[in-house]
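Have a look at the structure below, then the notes.
The values are calculated or read from the model by the stated rules, or taken from the named source; none is laboratory data. Note that this is a predicted model, so its numbers are computed, not measured. Cβ sites come from the backbone with ideal geometry, for glycine too, and all protein chains shown count toward neighbours. Ligands, DNA and RNA are excluded from the accessible area calculation, which covers all protein heavy atoms including side chains. Shrake-Rupley method; radii C 1.70, N 1.55, O 1.52, S 1.80 Å.
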Amino acid sequence: MDNKQFKRVSVIGLGYIGLPTAAVIASRGVDVIGVDVSQHAVDTINQGKIHIVEPDLDMLVQSAVTTGKLRATIEPEPADVFLIAVPTPFSDGYKPDVSYIEAAVKKIAPVLEKGNLVILESTSPVGTTEKMSVWMSEIRADLSFPHQNSEQADIQVAHCPERVLPGYVIQELVTNDRVIGGLTPHCAERAKALYKLFVKADCIITDASTAEMAKLTENSFRDVNIAFANELSIICDKLNINVWELIKLANRHPRVNILKPGPGVGGHCIAVDPWFIVDSAPDEARLIRTAREVNESKPEFVISKIRKVAGAFKQPKIALLGLAFKADIDDLRESPAVGIAQKVIQETLGEVLIVEPHINELPEKLQESHVKLLSLGESLSEANIIVTLTDHSVFKQVKQSILQEKVIIDARGIWEQE
Ligand code: SAJ
């Protein structure tokens, strides 16, 4: 392990990607300084605790802080490497918002020293890594940057997009292959040496634009494939065909592997990243845009089903199973299930019983007098309409006999025969 050239690594942004990455690098014996704009995050980490939920992260952070290898601050300090892991949301009109990256880069620019390596991990539109180099050069005219001076630049700049799956971050940080795009081949080689400190899998080198596009492509690939499954479910509903049986049959073909339909696509990656491609090539990205539109329309399809079924009851009691955006996690951000619950509540389609075993309290936007957060057992016995919105493992274990005489809208297909 060559950690001599990287004595001190600074991670900017201590969220779902930055904090686990900081802790994993610290666990390899490198001094890590985490920088975040949130005083709460900084204080929590310095106490050896975590402000986000991710399996095994608590132990890793506690040990890194206790051994003095990880420390968090608000203000950047000099380091050998700066690794930027801040959010890249989209603003109105699905335009990528790279302002957090710009702010992070402008904050580290004053402490940069000759020989430093700056790596962008945030998922970004094509061209952002080069922009970073330009922003830094505008502040530090005394240093040369790779977009100006190619291989001889004082500072190296690379992009290495994060690719870890929430819930498996600690494992995937080590076992996933990494795509490393340098603004120059030398930038890429240096970044590869850093990742080799903790990545057991392959670190493949390319240029920065290809690395940026690779990340967007991976998530768009998944989005397009989920859209195919979602569109099939809508077609099958019209044609009165069981989509789950259909997919199972089609997937018996050796070259067919259809994903699962659901109530929509949640999370902060797959529902966002395809728009970055659409924004860069609006006339050409026709399939990618349509896939997004299909997935965005799926919650309304589920709501219309609930509306129709509820209308047939005098006193509809609707159990909504699951609020998280996917199975067995507590993350409600950008979850289609939350949007569906909100609409069902707003439209007062009936009494709403929400089951989300991973939370203790309903989010503020769902707190209404006719809405209860109940256990699975209670809501199954009370409700006359049951809607599955997240495929949590506990829901799969429900005995079929309990569901008899209930109207089921199984948007996740969790009670379909395996
Ligand atoms: N979903 C379906 N049907 C499926 C698969 C997923 O409806 O067959 C839904 C899920 O329920 C969820 C959404 O799609 O609402 C996204 O879930 P996911 O498990 O596909 O992905 P994320 O958002 O948790 O993580 C993705 C991963 N990207 C890919 O698998 C290509 C992860 O590796 C990335 O690191 C992450 O995005 C990211 O940060 O970009």
Filtering the range 315-355 down to residues that are of a type in the set (Val, Ile, Thr), more than 16 Å from the ligand (Cβ to nearest atom) and touching a helix residue (DSSP H, G or I) at 6+ places or on another chain (Cβ under 7 Å) yields ILE318, VAL344, ILE345, VAL352, ILE354, VAL355
Subset of the range 107-120, residues touching a Phe, Trp or Tyr at 6+ places or on another chain (Cβ under 6 Å) and either of a type in the set (Phe, Trp, Tyr) or without any contact (Cβ under 8 Å) to a residue 60 or more places away in the chain (or both), comes to VAL118
A careful count of residues in the range 245-266 that are surrounded by fewer than 20 Cβ atoms within 10 Å (Cβ to Cβ) and over 13 Å from ALA227 (Cβ atoms) gives 12
Quick count over the range 105-129, residues being among the aliphatic types (A, V, I, L, M), in contact with a Pro (Cβ under 9 Å, 6 or more places away or on another chain) and open to solvent by 10 Å² or more (accessible area, probe 1.4 Å), is 1
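What number of residues in the range 172-192 are touching a residue at least 60 places away in the same chain (Cβ under 8 Å) and open to solvent by 30 Å² or more (accessible area, probe 1.4 Å)? Can you show your working first?
Applying the first criterion (touching a residue at least 60 places away in the same chain (Cβ under 8 Å)) to the range 172-192 yields 173-174, 187, 190-191.
Subset that is open to solvent by 30 Å² or more (accessible area, probe 1.4 Å): 190.
Residues flagged as touching a residue at least 60 places away in the same chain (Cβ under 8 Å) and open to solvent by 30 Å² or more (accessible area, probe 1.4 Å) within the range 172-192 amount to 1.
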Among residues of the range 157-171 being open to solvent by less than 10 Å² (accessible area, probe 1.4 Å) and without any contact (Cβ under 8 Å) to a residue 60 or more places away in the chain, the residue farthest from LEU60 (Cα to Cα) is VAL157
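Of the residues that make up the range 291-304, is at least one within 16 Å of the ligand (Cβ to nearest atom), in a loop (DSSP other than H, G, I, E, B) and touching a Lys or Arg at 6+ places or on another chain (Cβ under 8 Å)?
Applying the first criterion (within 16 Å of the ligand (Cβ to nearest atom)) to the range 291-304 yields 291-302.
Those still in the list that are in a loop (DSSP other than H, G, I, E, B) too: none.
No, because not a single residue in the range 291-304 is within 16 Å of the ligand (Cβ to nearest atom), in a loop (DSSP other than H, G, I, E, B) and touching a Lys or Arg at 6+ places or on another chain (Cβ under 8 Å).
Go through the range 193-203 and give me each residue that's free of Cβ contacts under 8 Å to residues at least 60 places away in the same chain and either within 21 Å of ILE155 (Cα to Cα) or open to solvent by less than 70 Å² (accessible area, probe 1.4 Å) (or both).
Initially, the range 193-203 is screened for residues free of Cβ contacts under 8 Å to residues at least 60 places away in the same chain, giving 195, 199-203.
Result: TYR195, VAL199, ALA201, CYS203.
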Cβ pairs under 6 Å, 6+ apart or interchain, first in the range 260-283 and among the aromatic types (Phe, Trp, Tyr), second within 13 Å of the ligand (Cβ to nearest atom), ordered by first then second residue, are PHE276/LEU216
Among (1) more than 25 Å from GLU293 (Cβ to Cβ); (2) within 16 Å of the ligand (Cβ to nearest atom), LEU183 falls short only on (2)
Cβ pairs under 9 Å, 6+ apart or interchain, first in the range 386-405 and closer than 19 Å to ILE359 by Cα, second among the acidic types (Asp, Glu) and modelled with pLDDT under 95, ordered by first then second residue, are THR390/ASP328; ASP391/ASP328; HIS392/ASP328; SER393/ASP328; VAL394/ASP328
For the range 403-413 the number of residues that are at pLDDT 95 or above, of a type outside the set (A, V, I, L, M, F, W, C) and open to solvent by 40 Å² or more (accessible area, probe 1.4 Å) is 1
* Kindly check whether there is at least one residue in the range 267-281 that is surrounded by fewer than 16 Cβ atoms within 10 Å (Cβ to Cβ) and modelled with pLDDT of 95 or more. => yes
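Could you tell me how many of the residues in the range 297-310 are open to solvent by 20 Å² or more (accessible area, probe 1.4 Å) and either more than 22 Å from the chain's Cα centre (by Cα) or at positive phi (or both)? Break it down into steps so the answer makes sense when it comes.
Step one: filter the range 297-310 for residues open to solvent by 20 Å² or more (accessible area, probe 1.4 Å), giving 297, 299-301, 304-305, 307-309.
Going one step further and asking which of them are either more than 22 Å from the chain's Cα centre (by Cα) or at positive phi (or both), we end up with 300-301, 304-305, 307-309.
Counting residues in the range 297-310 that are open to solvent by 20 Å² or more (accessible area, probe 1.4 Å) and either more than 22 Å from the chain's Cα centre (by Cα) or at positive phi (or both) gives 7.
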Look at PRO146 and say whether it is under 20 Å from GLY18 (Cα atoms) and either near the ligand (Cβ under 10 Å from one of its atoms) or surrounded by 14 or more Cβ atoms within 10 Å (Cβ to Cβ) (or both). no
Note on the range 175-195: residues closer than 13 Å to GLU162 by Cβ and polar (S, T, N, Q) are ASN176
